[in-house]
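Reviewing the structure listed below.
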Amino acid sequence: MRFDRHRLVWIDPQRWPAILAAHGLANAPALLADWARDDRPLIARRPVVGELPCLVPLGLPLPPSIGKQRLAFAVPPDAIRADAPPPLLRDAAAAAPPAWQDSIAALVTLDPDTRCFGSLAWAHLTGLAYLSPGSDLDLLWTVADQRTATARARALLTIGATAPMRIDGELLTPQGHAVQWREWASDAPDLLVKAAHANGVTPRAAVFA
């Protein structure tokens, strides 16, 4: 079983202690030990060499208060309780700093279906202190075609010009491929495209093919 990038995955709380032990974290701090019990998710990631294909690769970025580590897990499919897409920006906005609110409002007006990942998403999902003064705002937009992608990138350049934070993120094609919006906004003929299992350089004209 594999999930798309950025997909959120919840673990059965009763299975969580055994998963921690299997990954050498039996004596984890209370925050991590109680993660699943507190209804906090993990996030889908790509498998790495040597991982069993029968296990689901997941990640957990810890908050800065306990080291800002990125932990990797590989769990049995039957340990998964639920999954969901990353949160909508409009739902996560309340967890953002006051200085971000005007820019977030403009982004939501541009596309109410904008989703977020990264520090803001984790702050919203967990209530923990993931955000810092230097945090970026990481976003996802699904776009239907090349024309829509170009219009979206131009609008983001305008909003980003006055935003107090850096706006990062990806444009997602109907095929599930992703390209950084700033890279799309450039005039580069070839772009780095991310897919579920690998990255690759693709001619601009072929990204939405």
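Points worth noting:
- Residue in segment 32-40 that is open to solvent by 40 Å² or more (accessible area, probe 1.4 Å) and under 18 Å from the mean Cα position of the chain (by Cα) present: yes
- Scanning segment 130-139 for residues that are open to solvent by 20 Å² or more (accessible area, probe 1.4 Å) and touching a residue at least 24 places away in the same chain (Cβ under 8 Å) yields LEU131, SER132, ASP136, ASP138.
- Cβ separations smaller than 8 Å between residues 6+ apart or across chains give the following pairs from segment 192-206 residues that are within 13 Å of GLY176 (Cβ to Cβ) and in contact (Cβ under 8 Å) with a residue 12 or more places away in the chain to residues that are open to solvent by 60 Å² or more (accessible area, probe 1.4 Å) and part of a strand (DSSP E or B): VAL193/ASN199; VAL193/VAL201.
- Within segment 12-23, residues that are acidic (Asp, Glu) sit with their Cβ atoms under 9 Å from residues that are assigned to a helix (DSSP H, G or I) and modelled with pLDDT of 95 or more, at 6+ positions apart or across chains, in these pairs: ASP12/ASP78; ASP12/ALA79.
- Of the helices (runs of 4 or more DSSP H) contained entirely in segment 89-129, those carrying at least 3 residues that are open to solvent by 40 Å² or more (accessible area, probe 1.4 Å) fall at 101-110.
- Contacts under 8 angstrom Cβ, first residue in segment 140-155 being of a type in the set (A, V, I, L, M), partner open to solvent by 70 Å² or more (accessible area, probe 1.4 Å) and not in a strand (DSSP E or B), 6 or more apart: ALA144/PRO174; ALA153/ARG182
- Among the conditions (1) assigned to a strand (DSSP E or B); (2) open to solvent by 20 Å² or more (accessible area, probe 1.4 Å), ALA155 misses just one, which is (1).
- Any strands (runs of 3 or more DSSP E) falling wholly within segment 160-204 and containing at least 2 residues that are more than 24 Å from VAL48 (Cα to Cα): 167-172
- Counting only residues that are in contact (Cβ under 8 Å) with a residue 24 or more places away in the chain, closer than 15 Å to ALA196 by Cα and surrounded by 14 or more Cβ atoms within 10 Å (Cβ to Cβ), segment 41-70 holds 8 of them.
- For PRO97: the one exception among (1) more than 30 Å from GLU51 (Cα to Cα); (2) without any contact (Cβ under 8 Å) to a residue 24 or more places away in the chain: (2)
- Flag if ARG147 is farther than 18 Å from THR114 by Cβ, among the basic types (Lys, Arg) and either open to solvent by 40 Å² or more (accessible area, probe 1.4 Å) or at pLDDT 95 or above (or both): yes
- Selection within segment 173-197: residues that are under 16 Å from ARG7 (Cα atoms) and touching a Lys or Arg at 6+ places or on another chain (Cβ under 9 Å). The member of this set that is surrounded by the fewest Cβ atoms within 10 Å (Cβ to Cβ) is HIS197.
- Residue check: SER186 meets all listed conditions (1) under 21 Å from the mean Cα position of the chain (by Cα); (2) over 30 Å from ALA30 (Cβ atoms) but one, namely (1).
- The number of residues in segment 1-28 being over 22 Å from the mean Cα position of the chain (by Cα), part of a loop (DSSP other than H, G, I, E, B), surrounded by 13 or more Cβ atoms within 10 Å (Cβ to Cβ) and not aliphatic (A, V, I, L, M) comes to 3.
The values are calculated or read from the model by the stated rules, or taken from the named source; none is laboratory data. A quick note: this is a predicted structure, and the numbers were derived from the prediction, not measured. Note that each Cβ is placed from the backbone with ideal geometry, even for glycine, and that neighbours are counted across all protein chains shown. Please note that ligands, DNA and RNA were not included when accessible areas were found on the heavy atoms of the full protein model with its side chains. Shrake-Rupley method; radii C 1.70, N 1.55, O 1.52, S 1.80 Å.
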